[in-house]
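Only one structure is covered here, and it is reproduced in the block below.
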Amino acid sequence: MEKITIVFSILIVAIQFGYAQPSKFPPINDIGKDKSLVAFVNQLKVAVKKKDKAFLLGALDEKVMSDLGGDGGITEFKRTWNLDTGDTSIWHHLNRVLELGGAFDKNDQEGRYTFAFPYVHFIDLQDVDNYINVGVITGKNVNIREKPDLKAKVLMQLSNDVIWFVEAEQALQKTEGTNPWGEPEWYLVETLDRKKQGWVFWKYVCSPLGYRLYVFKNKQGKWKISSFLAGD
């Protein structure tokens, strides 16, 4: 009878806590598992640093996607990212996703050998259908401040935590300021249990619905960019 009681107690604990959302999402970077991918990513990083448009265009698949509502193709990619005018933010966005690292994507619709950046894209929360207000703190001991100011009081520090973006009007994220690339400089976030909130600097938080880079190895053994886009 005692053994049955113990087993029953364990089951109750499992039911209560076994389905809790993970409060942390540590970095993933599986690039090193494929030497050819390492070489390609290193070349791409150099090209991004030099703003080498010729290399970037040469790395694009002919059906590359740059807009979820678009038809795809290199011409559309160039138009989406203003590559012909020179007034483009693509180098900033590429650098950011490459810095964060990524993982192999086993859900490629065409069954291709695919790798995706950033790793935040792979977060999978139970009972969450819309990830628009889900984010991940992408560093250790990241300061969460009382106000959107680098001199403001630090309320807490988070390390690789899953967070919620606090909503403003019309379901938009509550933000403050503008960074050099025209994006919000500060985000108001709250912990996964919704008990604490504060402001985080843009460099240390990432949304799984933000810009994502997909690369795949074609039949000739060359890595190509299949898409670089954001949204759901």
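Just so it is clear, none of the values below were taken in a lab; they were calculated from the coordinates. Predicted model, so just to flag it, every value in this text is computed and none were measured. All Cβ positions, even for glycine, are placed from backbone atoms using ideal geometry, and neighbour counts span all protein chains on display.
Taking a point 7 Å from the Cα of LYS140 along the Cα-to-Cβ direction, the residues of segment 204-225 with backbone N closer than 19 Å to it are 204-206.
Remind me, relative contact order of the chain in percent, using alpha carbon pairs under 8 angstrom and six or more residues apart?
21
Between LYS222 and HIS92, the contour length at 0.36 nm per residue exceeds the alpha carbon distance by 44.4 nm. Each of GLN157 and GLU110 was given a label point 7 Å from its Cα along the Cα-to-Cβ line. The distance between the two points is 4.6 nm.
Just to be sure I follow the definition: excluding the sites themselves, where is the longest run in the chain that has none of the GluC sites (Glu not before Pro) in a DSSP loop with at most 13 other Cβ atoms within 10 Å?
Result, exposed sites excluded: 1-109.
How large is the helix-only mean residue ellipticity at 222 nm for the chain, computed as the sum of -39500 (n - 2.57) over DSSP H runs with n ≥ 4, divided by its residue count, in deg cm²/dmol to the nearest 500?
Counting only the DSSP helices, I get -7500 deg cm²/dmol.
In order along segment 47-64, phi translates into HN-Hα couplings of 4, 5, 4, 8, 6, 7, 5, 4, 5, 4, 5, x, 8, 7, 6, 5, 10, 3 Hz, rounded to whole numbers, per the Karplus curve 6.51 cos²θ - 1.76 cosθ + 1.60 with θ = phi - 60° and x for Gly and Pro. Take the cross-link list LYS106/LYS224; LYS45/LYS151; LYS24/LYS217; LYS50/LYS174; LYS45/LYS217; LYS140/LYS195 and give me the ones stretching past 28 Å between alpha-carbons. Pairs exceeding the cut-off: LYS45/LYS151; LYS24/LYS217; LYS50/LYS174. Of all stretches in the chain that contain no chymotrypsin sites (Phe, Trp or Tyr not before Pro) in a DSSP loop with at most 16 other Cβ atoms within 10 Å, the longest one is 20-130.
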